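The values are calculated or read from the model by the stated rules, or taken from the named source; none is laboratory data. Everything numeric here is computed off the predicted structure, so don't read it as measured data. All Cβ positions, even for glycine, are placed from backbone atoms using ideal geometry, and neighbour counts span all protein chains on display. The area values use the complete protein model at the heavy-atom level, side chains included, leaving out ligands, DNA and RNA. Shrake-Rupley method; radii C 1.70, N 1.55, O 1.52, S 1.80 Å.
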Amino acid sequence: MARIINICNEKGGVGKTTTTVNLASYLAAIGKYVLVVDLDPQANATAGLGIKVEEEHLNVYHSLIGEESPGSYLRKTSLFGFDLLPAAASLAGATVELVSLDSREFRLKKTLNSIRTHYDYILIDSPPSLGLLTINGLVAAEEIIIPVQCEYYALEGLGNLLKTIDLVRESLNPQLKVAGVLLTMYDKRNRLARAVVREVQKNFPGKVFEAIIPRSISLAEAPSFGKTILQFDPDSKAGRAYRQLAEEVIKST
Ligand code: ATP
Ligand code: MG
C-alpha cells in the first residue's frame, strides 16, 4: 500500500514541482515503486519529465471527471519504477466542472485508491492555490511535505496553508499530517537565508527535514532536458540533498 504524500504550498515558485520530481527519482533509485501525480494545470512536472501530453490525451483531468479505469492514464517515465499520472492544460477546466459533481473533494482519492497497491509511494504535485484541485490532493493524501524557499517572506502564507490543512483534517481527511517542512533554494553565502533556516526551525520544531536543498543551476536546468537531477547531475550538492531527503522520508513513517 503506497504512502501518499502531497507536496504543497499555496505560494508559487517555492520548489514544489522540483521536489516532487526529484524526490520521486531518488525513491525509485533506492528501489521503491513511485507514482507522481501532476495536479497542476501548468503541467510542469509532466513537461519536466520529458513527457508530452496534448490537451486531448488522457490525463489526470479525465481521471477526476470521468469514470474510465485509471490504468489508461498512467505513463512510464525514463526511470525504472517511476510512473506519472500526467497533467495537461485542460486540467484548468476541472476546477469549474468539479463543482457540480458528486463527492467533488474525493475524486482523486477514489482514483488513487484503485491503483494504490501498485506503488510504494505516490507523490502529488499541487498547484499554487487553494482551489478544488488542491483540496482533492489534500483529501487523497495522508502526509504533506511543505517546501519553503529560504527567502525573506518565507513564512508568509504558511499560516493560511496550516489553517486549510486543519479544516481538511476536521471535515474531510482526519488522517492528514505534516510529514515535514523542506527548506529549498538555500544559499549558504546569504546571511538572510541562514536566518530563514533558523526561523523555520524555530517555528516547526522537530518538523524540518535535515536535508536542505541548495540553490542550484543544475536543478533549474534539468527539466528543460526532460531529466531529473539524478539523471542530469547526480553528484551535485542538489542531487545529494534530494537523495538525503528520500532517505529521511523512507525512515519516517
Ligand atoms: P509553482 O507554484 O509555479 O508550481 P513550484 O513551487 O512548483 O512553482 P518549482 O517549479 O519547483 O516551484 O520551482 C520554481 C523555479 O525555481 C523553477 O524554475 C525551478 O527550476 C527553480 N528551482 C527550484 N528549486 C531550485 C533550486 N533548489 N535551485 C535553483 N532553482 C530552483
Ligand atoms: Mg509547480
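For C150, work out the one condition from (1) within 16 Å of ligand 2 (Cβ to nearest atom); (2) surrounded by 15 or more Cβ atoms within 10 Å (Cβ to Cβ) it doesn't fulfil.
Every condition holds for C150 apart from (1).
Can you name every residue in the range 31-70 that is within 17 Å of D83 (Cβ to Cβ) and of a type in the set (S, T, N, Q)?
T46, N59, S63, S69
Residues that are surrounded by 24 or more Cβ atoms within 10 Å (Cβ to Cβ) and within 16 Å of ligand 1 (Cβ to nearest atom), at least 2 per element: which strands (runs of 3 or more DSSP E) completely within the range 1-119 meet that? Before the answer, list the steps.
Working: elements: 3-7, 34-38, 82-85.
The strands (runs of 3 or more DSSP E) meeting that bar are 3-7, 34-38.
Determine the pairs where a residue that is within 9 Å of V37 (Cβ to Cβ), located within the range 116-131, has a partner that is in a strand (DSSP E or B) with Cβ atoms under 6 Å apart, the partner being 6 or more residues away or on another chain.
I122/I4; I122/L35; L123/I5; L123/V36; I124/N6; I124/V37; D125/I7; D125/D38
For the range 178-202, give me each residue that is surrounded by 12 or more Cβ atoms within 10 Å (Cβ to Cβ) and of a type outside the set (A, V, I, L, M).
Result: G180, T184, Y186, D187, K188, N190, R194, E199, Q201.
Can you confirm whether the range 209-219 contains a residue that is touching a strand residue (DSSP E or B) at 6+ places or on another chain (Cβ under 7 Å), open to solvent by less than 30 Å² (accessible area, probe 1.4 Å) and within 20 Å of E142 (Cα to Cα)?
Yes, that holds for at least one residue.
When the range 120-137 is examined, which residues are found to be open to solvent by 10 Å² or more (accessible area, probe 1.4 Å), aliphatic (A, V, I, L, M) and not in a helix (DSSP H, G or I)?
Hit for the range 120-137 is L130, nothing else.
For A220, are the conditions met, namely being within 16 Å of ligand 2 (Cβ to nearest atom) and among the small types (G, A, S)?
Numbers: within 16 Å of ligand 2 (Cβ to nearest atom): yes; among the small types (G, A, S): yes.
Considered against the rule, which asks whether it is within 16 Å of ligand 2 (Cβ to nearest atom) and among the small types (G, A, S), A220 comes out as yes.
Which fully enclosed helices (runs of 4 or more DSSP H) of the range 148-253 have 1 or more residues being modelled with pLDDT under 95? Working first, answer last.
On the way: elements: 158-171, 191-203, 217-221, 229-232, 237-251.
Result: 158-171, 191-203.
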